[in-house]
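> Sharing a structure with you now.
The values are calculated or read from the model by the stated rules, or taken from the named source; none is laboratory data. Predicted model, so just to flag it, every value in this text is computed and none were measured. Cβ placement follows ideal geometry from the backbone for every residue including glycine, while neighbour counts extend to all protein chains displayed. Surface areas here come from the heavy atoms of the whole protein model, side chains and all, with no ligands, DNA or RNA. Shrake-Rupley method; radii C 1.70, N 1.55, O 1.52, S 1.80 Å.
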Amino acid sequence: MIEAAGTAFASIVVLGAGFAFGGFCYHKFYKWHVLRKMRKAFEPGDPALVLAAMGKQIPDKEVSTSQEEKEKSDNENHWIRRDEQDKIDKIINGTEKGHYHLLIGEKGTGKTSMLLDAMQKIDGEGIAMFDAHADPEIFRIRLGKALNFEYHEDYIGSYFSERGPRESSALLDIERAFNKLDKVALDRRIKVGRPIVLIINSMHLLKPDADGMNLLELLQQRAELWAASNLITVVFNSDDYWVYERLKQLATRMEVTTVGDLPKDKALNAIRMYRSKYFFEVPDEPLLSQVYERIGGRLTFLNKVAKSTDMLKTCDDIFAVEKQWFLNQCGLLGMEMDDDVMDQQKYASAAMVLAQALVDQEANSEGPIYDPEHGHDLPSLPLHKARQVMTRADFIRDYDHINVFTITSSAMVRADSVPMQRAFREICAEPGFREYLDATLQRINDIESLGRTRELVAKDLVLGGKYVISQEKGGFGKVIQLVMPPEEDDDEDKDEGKGGKNDS
């Protein structure tokens, strides 16, 4: 019995020690494997570059082997170079460090294109890029894909009964991923000598609610810490002003780069070069001036116009789309509107009032709105003045989000683009527009007045009864007293048993 017990005990000890040693080795191996996979995410080549190359039809390196073909591909797809490109190149290649950056500008000004061009020059080495999302869970998944991090979901310990590490919130998972990224960045700085670059696109898609603000605060805290230690350079890319407004509250090492429309000379040179190379024509200067006068220097508009066979018609199509978009979002209903749509009409009428203010400022401006040499100078209002004009402070953020108005980094409100300003001008110049806008505002005031009014109906006064309304001293309310004339005894006898009129 003693021999059997000793044998069993020895077997249990050996098996337990073997399992413990095996589990310890697996745990160490798994932690090493997680860091190894995350290091591979910063090796040359990036999925964002592959997708961009497919969208722009850039030949792959294995297919395009000659330097001449590569230069030809770059010239075909990167035909407009902005002045901010040099600064972006320094940020991406690690020359510019010690800060985190916010790129802010209207949709279609070329912010993401500049980032992709800078990444392509170094083949995406040391860079991770992904798009933000309003749902923190989707944000967590996209971050994990960019960093090649599984959030311990492939850990074998999750097969046992103990609570797994995934049973937590998305913010805790993101914090866990950043803890691993710290180790990878520290090891990389020792070996390579330059920081990792983490690019987060579309920051304006985060919701300005509690979850979105907590996520934005977490990202900014990490960006501040990494900028101070030169470990990681974070680049935020946003179309809306509210992201800058939120980050500015806690920012100490943030640099803001505003990306706007191209100036007139660069826009015309870009169209001239593109038409000459691919359409074998030299556009006339008056034609190019008309194109710029109609659409301005927005990069996305210039791209459409340059590839079109009829440039002026494409300019008119862009203007029609912008005008229709504004009317669809902020159209007025006039005096005949129903009270159920009052909230939407408050939103629409405030936008129309602001558009009218910008048009009036343009008409009353002393200087030229359009300079033949320098280009457009769109009218603008300070943000606090725009809120005073609308008499609302909460709508301007939504207007910026739907690309009707824009708020610059200097807190100036103007039309989102040159075609949108043209739409404002044409809508406000329609016959009877001001009267229609005043009628809509009057209808909104009437509906609100009815909502604040309470109607008291008094009826069934008989036998000479009357109401006496009096004001109490020192009070704000009124006392209503019902006075009934005295009735005859016969009437009281008649009403006995069934309640007299005086009782009511």
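> Pick from VAL197, VAL192: which is closer than 19 Å to ARG36 by Cα, out of contact with any Lys or Arg (no Cβ under 9 Å at 6 or more places or on another chain), β-branched (Val, Ile, Thr) and at pLDDT below 90?
VAL192
> Something else about it: Taking LEU181, is it surrounded by 15 or more Cβ atoms within 10 Å (Cβ to Cβ), without any contact (Cβ under 8 Å) to a residue 24 or more places away in the chain and part of a helix (DSSP H, G or I)?
No; evaluated as a whole, the condition is false for this residue.
> Give the range 204-225 a look and list any residue that's touching a residue at least 12 places away in the same chain (Cβ under 8 Å) and either in contact with an Asp or Glu (Cβ under 9 Å, 6 or more places away or on another chain) or not in a helix (DSSP H, G or I) (or both), or say none.
HIS204, LEU205, LEU206, LYS207, PRO208, ASP211, LEU218, ARG222
> Which residues, counting only those in the range 345-385, are assigned to a loop (DSSP other than H, G, I, E, B) and either acidic (Asp, Glu) or out of contact with any Asp or Glu (no Cβ under 6 Å at 6 or more places or on another chain) (or both)?
Across the range 345-385, the qualifying residues are SER365, GLU366, GLY367, PRO368, PRO372, GLU373, HIS374, ASP377, LEU378.
> Taking only the range 190-210 into account, find how many residues are in contact with a helix residue (DSSP H, G or I) (Cβ under 9 Å, 6 or more places away or on another chain) and of a type in the set (D, E, K, R).
Residues flagged as in contact with a helix residue (DSSP H, G or I) (Cβ under 9 Å, 6 or more places away or on another chain) and of a type in the set (D, E, K, R) within the range 190-210 amount to 2.
Every residue, every condition in (1) within 30 Å of VAL418 (Cβ to Cβ); (2) open to solvent by 50 Å² or more (accessible area, probe 1.4 Å); (3) modelled with pLDDT under 90; (4) β-branched (Val, Ile, Thr), yes or no:
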{"position": "HIS99", "(1), (2), (3), (4)": "no, yes, no, no"}
{"position": "LEU103", "(1), (2), (3), (4)": "yes, no, no, no"}
{"position": "GLY124", "(1), (2), (3), (4)": "no, no, yes, no"}
{"position": "ASP131", "(1), (2), (3), (4)": "yes, yes, no, no"}
{"position": "GLU137", "(1), (2), (3), (4)": "no, yes, no, no"}
{"position": "ASP154", "(1), (2), (3), (4)": "no, yes, yes, no"}
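> While we're looking at this one, here's another question. So ASP438 clears everything in (1) surrounded by fewer than 19 Cβ atoms within 10 Å (Cβ to Cβ); (2) outside any helix (DSSP H, G or I) except one condition, right? Which one?
(2)
> With the structure loaded, tell me whether GLY105 is more than 20 Å from the chain's Cα centre (by Cα) and not aliphatic (A, V, I, L, M) or whether it fails that test.
No; evaluated as a whole, the condition is false for this residue.
> For VAL404, are the conditions met, namely being more than 24 Å from LEU103 (Cα to Cα) and touching a residue at least 40 places away in the same chain (Cβ under 8 Å)?
Answer is no for this residue.
> For the range 1-50, enumerate the residues that are open to solvent by less than 50 Å² (accessible area, probe 1.4 Å), among the charged types (D, E, K, R) and outside any helix (DSSP H, G or I).
ASP46
> Residues that are closer than 30 Å to ASP394 by Cα, open to solvent by less than 30 Å² (accessible area, probe 1.4 Å) and modelled with pLDDT of 90 or more, at least 3 per element: which helices (runs of 4 or more DSSP H) completely within the range 256-343 meet that?
Because the criterion is at least 3 residues that are closer than 30 Å to ASP394 by Cα, open to solvent by less than 30 Å² (accessible area, probe 1.4 Å) and modelled with pLDDT of 90 or more, the helices (runs of 4 or more DSSP H) in the range 256-343 that meet it are 311-330.
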